[in-house]
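See below for the structure under consideration.
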Amino acid sequence: MSLTDLLLTFNAGSSTVKIGIFSMAGAKARHIGKGVIDLRAEPLSLGLKKGSQTFEMPLKVEVTEDLHDVIGETFARLADHFDVAAARAAGHRVVHGGDRFTKAAALDNAGIAAIEALTPLAPLHQPQALRFIRALGHLKPHLAQTASFDTAFHATQDDLVRRLAIPRALHEEGIKRYGFHGLSYKFIAGELARKAPQAAKAVVAHLGSGASLCALDRGISRDCSMGFSTLDGIPMATRPGWLDPGVILHLAGERKRSLGEIEDLLYHRSGLLGVSGISADTRDLLKDGRPEARQAIDLFTLRIAGEIGRMAVTLGGLDAVVFTAGIGEHQPEIRAGVAKHLAWLGLSIDAKANAANAFTISSGDSRISAHVIATDEEQVIADEALSLLGER
């Protein structure tokens, strides 16, 4: 392996893709650059960061179903800054691995087909990852590709935690709680073990436009607020989180809403946007003085705190709360709002440390520690890809 060998990662969301560029020198993948493309933007552009430098590079192609032109021009633009000819592998984030994939996997035709077969379990996210996997295979057919699964980290959960109270036959057909954001939680588990090893029983709050919580027992996943789908758990930017299934029956029956209308309501018009009627962005809501904005924030923090309490039951205790992802890492007001609801558990926040987004934001007399840790899903994808390459 030469010093110039590169590894690329693709973290595809529903409308954007984050690209990581890593050096494979030594035993660990080292982040040397990152890019992002918003596939909804017109015209398209590749935002790139290399060290302290940032670049915004227009892409002349249009988005097509197969993404061949997008991937082709992206590689051409990356080649202006990196030796992409030295890329040995590409690792992909795949949202759903079902029961088939409980760890990262090297991709071949059978593996790609198995991922596609899981599309009904993640209809909005799975196809996007597959588009990039296939487009890259078309452009670079000899490039090794791997998949890292958001559900895999939660395979350690007890069967009782994963069960829904439905007929056993449906459970055996795969209708169960899977949990998501596993790559983020895997990274946080490693950082927590390194920085705060005394926090054996911890609840991690991954708070972004998609949001969930995970109960960690010495770094092992024991529970997750997201269950069968990414709609479950706490309210999110445009998703409702927990919802009485009777609401769905009412909308489909009494209100005569179609499946497509209900899907659009649940994925795109609920959550913070739905409650406030103003914005899906907590930054906007925190600045807005209207009561609807305040109510959306208050509901968000109440439900987060409620999930932390529920997960303390799963863990049989609680040593620490960890905040991560865009909201969790950068919004002290949200963290303070959650902590206020957890005062009965003995959680006390140091206002100055919280305002500074410090690693430890709990006060000295707090019975539970609270921490802020930046997550890095791309690093996990790269490390897992590198590990699989070593097995080849």
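The values are calculated or read from the model by the stated rules, or taken from the named source; none is laboratory data. Keep in mind that this is a model prediction, so the values were computed, not measured. Cβ placement follows ideal geometry from the backbone for every residue including glycine, while neighbour counts extend to all protein chains displayed. Surface accessibility is based on the protein's heavy atoms, side chains included, excluding ligands, DNA and RNA. Shrake-Rupley method; radii C 1.70, N 1.55, O 1.52, S 1.80 Å.
A compact table of results
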read-out: Filter result (open to solvent by 40 Å² or more (accessible area, probe 1.4 Å) and not polar (S, T, N, Q)) within segment 346-376; value: Ile349, Asp350, Ala351, Lys352, Ala355, Ala356, Phe359, Gly364, Asp365, Arg367, Ala374
read-out: Scan of segment 86-126 for residues that are surrounded by fewer than 15 Cβ atoms within 10 Å (Cβ to Cβ), out of contact with any Leu (no Cβ under 9 Å at 6 or more places or on another chain) and assigned to a helix (DSSP H, G or I), ordered by number; value: Asn109, Ala110, Ala113, Ala117, Pro120
read-out: Where Ile234 falls short, out of the listed (1) in a loop (DSSP other than H, G, I, E, B); (2) surrounded by fewer than 20 Cβ atoms within 10 Å (Cβ to Cβ); value: (2)
read-out: Considering residues of segment 36-49 that are in a loop (DSSP other than H, G, I, E, B) and under 24 Å from the mean Cα position of the chain (by Cα) only, the residue modelled with the highest pLDDT; value: Leu44
read-out: Residue list for segment 26-48, filter: loosely packed, with under 15 Cβ neighbours inside 10 Å and under 14 Å from Arg77 (Cβ atoms); value: Pro43
read-out: Test result for Leu299, among the aliphatic types (A, V, I, L, M) and surrounded by fewer than 18 Cβ atoms within 10 Å (Cβ to Cβ); value: yes
read-out: Single unsatisfied condition, Asn357 versus (1) without any contact (Cβ under 8 Å) to a residue 60 or more places away in the chain; (2) in contact with a helix residue (DSSP H, G or I) (Cβ under 9 Å, 6 or more places away or on another chain); (3) closer than 21 Å to Ile188 by Cβ; (4) in a helix (DSSP H, G or I); value: (4)
read-out: Selection status of Thr314, closer than 19 Å to Ala199 by Cα, outside any helix (DSSP H, G or I), touching a residue at least 40 places away in the same chain (Cβ under 8 Å) and among the hydroxyl-bearing types (Ser, Thr, Tyr); value: no
read-out: Odd one out for Thr282, checked against (1) open to solvent by 60 Å² or more (accessible area, probe 1.4 Å); (2) touching a residue at least 40 places away in the same chain (Cβ under 8 Å); (3) farther than 27 Å from Leu160 by Cα; value: (1)
read-out: Looking only at segment 317-340, and only at residues there that are farther than 28 Å from Asp158 by Cα, part of a helix (DSSP H, G or I) and touching a residue at least 40 places away in the same chain (Cβ under 8 Å), the one that is nearest to the chain's Cα centre (by Cα); value: Gly326
read-out: Selected residue (criterion: most open to solvent (accessible area, probe 1.4 Å)) from residues of segment 50-85 that are farther than 26 Å from Phe149 by Cβ, charged (D, E, K, R) and outside any helix (DSSP H, G or I); value: Lys60
read-out: Some residue of segment 128-142 being assigned to a helix (DSSP H, G or I), under 30 Å from Met311 (Cβ atoms) and at pLDDT below 95; value: yes
read-out: Which numbered condition Leu273 misses (of (1) closer than 30 Å to Leu121 by Cβ; (2) surrounded by fewer than 19 Cβ atoms within 10 Å (Cβ to Cβ)); value: (2)
read-out: Count of residues meeting criterion [open to solvent by 40 Å² or more (accessible area, probe 1.4 Å) and either among the acidic types (Asp, Glu) or within 17 Å of the chain's Cα centre (by Cα) (or both)] in segment 168-186; value: 3
read-out: Residues within segment 361-392 that are in contact (Cβ under 8 Å) with a residue 60 or more places away in the chain and among the polar types (S, T, N, Q), tallied; value: 4
read-out: Test: residue in segment 146-154 that is of a type outside the set (Asp, Glu) and either surrounded by fewer than 22 Cβ atoms within 10 Å (Cβ to Cβ) or on the phi > 0 side of the Ramachandran plot (or both); value: no
read-out: Residue tally, condition touching a residue at least 40 places away in the same chain (Cβ under 8 Å), out of contact with any His (no Cβ under 6 Å at 6 or more places or on another chain) and either open to solvent by less than 40 Å² (accessible area, probe 1.4 Å) or part of a helix (DSSP H, G or I) (or both), over segment 197-215; value: 12
read-out: Selected residue (criterion: surrounded by the most Cβ atoms within 10 Å (Cβ to Cβ)) from residues of segment 256-268 that are part of a loop (DSSP other than H, G, I, E, B) and touching a helix residue (DSSP H, G or I) at 6+ places or on another chain (Cβ under 9 Å); value: Arg257
